[in-house]
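Inspection log for the structure reproduced underneath, given as structure tokens.
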Amino acid sequence: MRTMPAVLVVEDEPAIAELIAVNLRHNGFRPTWAMDSISAQREIDAALPDLILLDWMLPGESGLSLAKRWRAGERTKGVPLIMLTARGDEADRVAGLDAGADDYIAKPFSTKELLARVRAVLRRHSPEQSGEAIVIAGLSLDSATHRVSFADQPLKLGPTEFKLLHYLMGHAERVHSRGQLLDKVWGDHVYIEERTVDVHVKRLREALGAAGVMVETVRGAGYRLTAKPAVPVAVLDKANVA
């Protein structure tokens, strides 16, 4: 029997929280409601959900602050997270994505759109299929163990960054437009904006450290992963690594 995905709804408006919970429950999910940062953290400490729906404007600690804290935590960094907010301009969307959100939904939203986004985020966070490790110029990705390393030093990537890197390494040297990356990495999630790709590429480069230069921007075309970047890769000196 398939387990219903657990969704933590962090929302301080009871009417909205109830509407979300009812629709989740009727569509095969197991929702839990938390109305502020304290109760949300209590739920997280008790059991990790499969996904978090997080309102930006909360009493006490804001949803944005919570997102940053959970993304920084070793235990919570891999939990999919969607921000819910009435703040819908581009600067706020980018702030939410930079804080670690996988997606961003501006209020008011339809329940059909919400459910579509929840399913899409869960799909792209599903475990990678087993396969052989890919190694390019010292950068290694093993989809079976979900590990990435450079010059034999382990790297920590978020789930979406891992999937993005997996695709780029599997199609190295090719240029991929933002639209192509949305289709291949985010699947049929039609609501995601192309700006999202830029945010996750930025995170990927930061996570790769010295190997980040291997992910190149091709002006007017998109992105590619190359073994011979324009800027030389700074190979780690293992003798000096603590």
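Nothing in this text is a laboratory measurement; each read-out follows from the coordinates by a stated rule. For clarity, every value in this text was computed on a predicted model and none was experimentally measured. Cβ coordinates were reconstructed from backbone atoms using ideal geometry, including for glycine residues, and neighbour counts include every protein chain displayed.
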Given backbone amide H placed at 1.01 Å from N, residues whose amide H is under 5 Å from that of Leu155, ignoring those fewer than 5 places away on the same chain, are Val148, Ser149, Phe150
Roughly how many whole Å is it from the C-alpha centroid of region 113-183 to that of region 194-228? 13
What is the angle, in °, between the Cα long axis of helix 159-170 and the longest principal axis of the Cα atoms in the chain? Nearest 10 is fine, range 0 to 90. 30
Dividing the Cα radius of gyration by the Kirkwood radius, what Rg/Rh value follows for region 6-124? 0.91
Would you mind checking the tilt of helix 111-124 against the longest principal axis of the Cα atoms of the chain, expressed as 0 to 90 degrees and rounded to 10? 30
What pairs from Lys156/Lys228; Lys68/Lys163; Lys68/Lys228; Lys156/Lys184 go past 26 Å between their alpha carbons? Lys68/Lys228
Under 13 Å from the Cβ of Asp45, count the other residues' Cβ atoms, weight Lys and Arg +1, Asp and Glu -1, and hand me the total. +2
What does the convex hull of the Cα atoms of region 134-240 come to per residue, in Å³, rounded to a whole number? 95
If amide H atoms are modeled at 1.01 Å from N in the peptide plane, then the residues at a separation of 5 or more from Asp103, or on another chain, having amide H under 5 Å from its own are Leu81, Met83
What list of ³J(HN,Hα) couplings, whole Hz, do you get for region 15-30 from phi and the Karplus terms 6.51, -1.76, 1.60, once you set θ to phi - 60° and write x for glycine and proline? 5, 5, 4, 5, 4, 5, 4, 4, 5, 5, 4, 6, 10, x, 10, 10
Across the alpha-carbon set of region 71-118, Rg over Rh with Rh taken as the Kirkwood radius works out to 1.01
Counting residues in the chain as N, plug N into 2.2 N^0.38 Å and put the Cα Rg over that result. 1.06
